[in-house]
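Beneath this line is the structure, given in structure tokens, with notes to follow.
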Amino acid sequence: MKILHFPLMKITIWFILGIVFSYYLNPKPSTTFLITGLFFVPFILTLFFARRDFIQKIYFGFATYLLFFQIGSCTQVIHNEFYNEDNYIHLIKNETDYHSVELVLREKLKGNSSINKYIGLVKRLDNKACSGKILVQIPNTKVNSRIHIGSTIQIKGKVISNKKSLNPNQFDYGKYLNNKSIFAQIYAKTNSIKIGDKIDRNIWYYSDHLRNIIIANLEKNNFSKDELQVVSALILGQQQDISKEILKDYQYAGAIHILSVSGLHVGFILLFITFLLKPLPKNKIGNTTRLLTIIFSLWGFAILAGLSPSVVRSVTMFSFVAVGMYLKRSTNIFHTLLVSMFLILFFQPSFLFDVGFQLSYLSLFFILWLQPLISNLWMPKNKIVSYFWDILTVSFAAQIGAFPLSIFYFHQFPGLFFITNLIIIPFLILIMGLGVLVMVLAAFDFVPMITMKSLEFCLYFLNKIINWVASFEQFIIKDIPINWQTLFCLYLLIIAVVVLLKKPNYPKIVVALFSLLLFQSTLLATRWEIQNQHEWIIFNSWKNTLITERNGNKVTVYGNDSITHKIASNTALKSYLIANNSKVTEINKIQNLYYFKDKKIIVIDSFGVYSKEINPDIVILRQSPKINLERLIEINRPKLIVADASNYKTTILLWKSICIKKKIPFHATVEKGFYSVN
């Protein structure tokens, strides 16, 4: 791969490795800064000697890579808000206490009919100046309708730190928030909110204000609700109000990427603005005007779309493309991609762990690297056929690059993605052009009926196409299990095969076959590991009891009627089954006594009945049984007490205090998550 010989590629890889190292190992800031300073010394020395050598020595490259590794580590540490002494999270000593929090709303997230969610910037906590981002949940009432981005509000409530996932193999929402430097959340009751008169009129305020004006003017002109939701996502980058049904259709059709503003949308805008500016003279003044207009338009669009990771990445990259066009140089697109990635991660290293960012860069890289190879397989002479062939090859290249990571995160693959893209991408060009025009006109409250209705009809037709493709559910491959080892080997195999196809030779054949063998070995090793596992799990199921016993890939479920009748829709259980490539083979009601390996387990329910002669190793308490726990401990001498989420919280707290007094380990699933016996 020639791209690996680019010095910028090697520097970027080492820089990213430094970010990853710091992210997972969390070194102390002082240690990181000291090591970085020390690494400057060999870099300066090797640079001095390298300038005297006609042929570059390996020691200079090695010193450079180590330095950028440490720069990446430093970048992650510097941007980790947890290390900021002024962060409000360091003032939270007890999560049961109530705090007075003064904050400014920065960004609105997807909520539901009863709750609005925002990201807020904390200004003061209990009258102490501080900083940091917090997740705010506000009831959706008429009283709170005056709350907008930029509003200053004061909330009295509990500040709850993010918790890890409470069930096995489930999406870790707490970790997701931590990656965004949001370390806690607060639920604001309507009577605990004071809305201040001060408005923080920053770039996010004006961006949100402009979006609200556009949407309000479209609603005033009776723009259809479903179509308005889609165009708000396509042009304004706002997915908060899209219905679950529409999102599901776009996911199943393999078109969810068009609802997230990315390179596809920014590329259309660049082409559109370039087309509009064609009449400008091709002299120095005209070219400068053209460049400044394009860059201003692209970043204006990024601000309007909320500065999401995908749009920032795309706008940064296409800004470099625009500069290359202005300088009239044949810009190497891989260099453009690397520079944009490096700059984005230098200022926002947390983007590296954003799923959208990862998928965007992988898709774009494979389009640039693989699409020419696929396109050369057939060279149609007809221009119309050639146009659709190019769309198809771009779609295939993007999907080949993204599908392993998509499966890793979402465990499903839309088999009809190529049909979707073949139909909608040409159609999307028209929608983007009309959409941008209508948005600009709506900002000035001037929306010609024919233009608006044309856009509305196009969006209606688009939704119908997506719904039709999504209706073929038999082509949607679901519940695909894949771990990170398999993911790594799969990408290794794909890259080895592509390199082989580009320029076949014997060493590349050997590498490709070795990659295939490694991939197969990973699959077999994973399957062998699963087949030899035997575990017994108490899930954290709200107001219910859910117990599973897994022997290899066969799972027996124990639960009450409300659980067993909804097995297929139980998300906690589904995540566990997918991750372990398992299936439910038996469903039983909960028993009072279990034997697992060398452990004896008793379950005490609301009746509070138990034998005094069993002497169990583990006692499970469910449905808040009215028992004398002290007496139970004295008589049965269990090694562990477990309370699941079907118990009252006050009862759990009482049991916890008794266990502390009796020096018996106590595990409450609502606090510590699931409990596993293996």
| remark: Note to self: C-alpha centroids of segment 218-255 and segment 54-117 sit apart, in Å, by 32 Å
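As an exercise, find the ratio Rg/Rh for segment 257-305 from alpha-carbon atoms, using the Kirkwood inverse-distance average for Rh. Before the final figure, lay out each step's value.
Numbers: Rg = 12.2 Å, Rh = 11.6 Å.
When Rh is taken as the Kirkwood radius, the ratio is 1.05.
At 222 nm, what value in deg cm²/dmol follows for the chain if DSSP H runs of at least 4 each add -39500 (n - 2.57) and the sum is divided by all its residues, to the nearest 500? Intermediate results must be reported in sequence, preceding the final value.
Values: 22 runs with 359 residues, N = 678.
Result for the chain: -17500 deg cm²/dmol, rounded to the nearest 500.
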| query | Which stretch or stretches of segment 485-508 have amide N atoms under 19 Å from the point lying 7 Å from S521's Cα along the Cα→Cβ direction? | reply | 485-497, 507-508
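If you take the square roots of the eigenvalues of the alpha-carbon gyration tensor of the chain and sort them as a ≥ b ≥ c, do you get rounded (a/c under 1.5), prolate (a/b over b/c) or oblate? Write down the numbers at each step before the final one.
Numbers: a/c = 1.57, a/b = 1.40, b/c = 1.12.
Taking the square roots of the gyration eigenvalues as a ≥ b ≥ c, the chain is prolate.
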| task | When a/c is below 1.5 the answer is rounded, else prolate if a/b is larger than b/c, else oblate, so apply that to segment 598-678 with a ≥ b ≥ c taken from the square roots of the Cα gyration tensor eigenvalues. | result | rounded
| Label E95 and T556 with points 7 Å out from Cα along Cα→Cβ: what is the distance between them in nm? | 3.4 nm
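In what sequence, highest mean first, do 202-209, 403-410, 112-119 appear when ranked by Cβ atoms within 10 angstrom?
Working: 202-209: 16.5, 403-410: 18.0, 112-119: 14.8.
Peptide ranking by packing, descending: 403-410, 202-209, 112-119.
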| task | At a Cα cut-off below 20 Å, give the lysines reachable from K128, other chains included and same-chain residues fewer than 8 away excluded. | result | K93, K156, K158, K194, K198
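With an 8 Å Cα cut-off and a minimum separation of 6 or more residues, compute the relative contact order for segment 86-235 in percent.
Numbers: 261 pairs, mean separation 34.6, N = 150.
Reported relative contact order: 23 percent.
By the gyration tensor of its Cα atoms, with a ≥ b ≥ c the square roots of the eigenvalues, what is the shape of segment 542-598: rounded for a/c under 1.5, prolate for a/b over b/c, or oblate?
Numbers: a/c = 1.85, a/b = 1.03, b/c = 1.80.
Here segment 542-598 falls in the oblate category.
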| query | Heavy-atom accessible area per residue, the chain, 1.4 Å probe: how many Å²? | reply | 53 Å²
| Between segment 278-296 and segment 501-555, what is the C-alpha centre distance in whole Å? | 55 Å
| request: Excluding residues fewer than 8 places away in the same chain, name every one of the aspartates and glutamates whose C-alpha is closer than 12 Å to that of K663. | output: E630, E634
| For K589, which aspartates and glutamates qualify as cross-link partners when the Cα separation must be under 17 Å and same-chain residues fewer than eight apart are set aside? | E549, D561, D605, D644
| request: Could you give the spread of the C-alpha atoms of segment 75-153 along their three principal axes, from largest to smallest, in whole angstroms? | output: 39, 31, 20
| query | Cα centroids of segment 341-385 and segment 134-172: how far apart, whole angstrom? | reply | 35 Å
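Restricting to Cα pairs below 8 Å that are 6+ residues apart, what does the relative contact order work out to for the chain? Please round to a whole percent. If you can, show how the numbers build up before the last one.
Details: 1014 pairs, mean separation 63.5, N = 678.
Across the chain, relative contact order equals 9 percent.
DSSP beta bridges in segment 576-625, what fraction antiparallel, as a percent rounded to 5?
Working: 4 of 8 bridges.
About 50 percent, rounded to the nearest 5.
Could you rank E549, E227 by how accessible they are, 1.4 Å probe, largest area first? Each step should come with its number before you reach the end.
On the way: E549 45, E227 15 Å².
Largest to smallest exposure gives the sequence E549, E227.
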| query | Accessible surface of D86 in the full protein assembly, 1.4 angstrom probe, to the nearest 10 Å²? | reply | 90 Å²
| Roughly how tilted is helix 58-78, in degrees to the nearest 10 and between 0 and 90, from the longest Cα axis of the chain? | 60 degrees
| query | Label 7 Å along Cα→Cβ of S114; segment 234-267 residues with amide nitrogen under 19 Å? | reply | 244
| task | With the full set of protein chains in place, find how many percent of the accessible area of the chain is carbon and sulfur; take the probe as 1.4 Å. | result | 63 percent
| task | Sort the following peptides by mean Cβ neighbour count (other Cβ atoms within 10 Å, averaged over residues), highest first: 212-219, 536-543. | result | 536-543, 212-219
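The values are calculated or read from the model by the stated rules, or taken from the named source; none is laboratory data. On a predicted model such as this, the values are computed, not experimentally measured, just so you know. Heads up, the Cβs are rebuilt from the backbone with ideal geometry, glycines too, and the neighbour counts pull from every protein chain shown. Remember, those area values only see protein heavy atoms, side chains included, never the ligands or the DNA or RNA. Shrake-Rupley method; radii C 1.70, N 1.55, O 1.52, S 1.80 Å.
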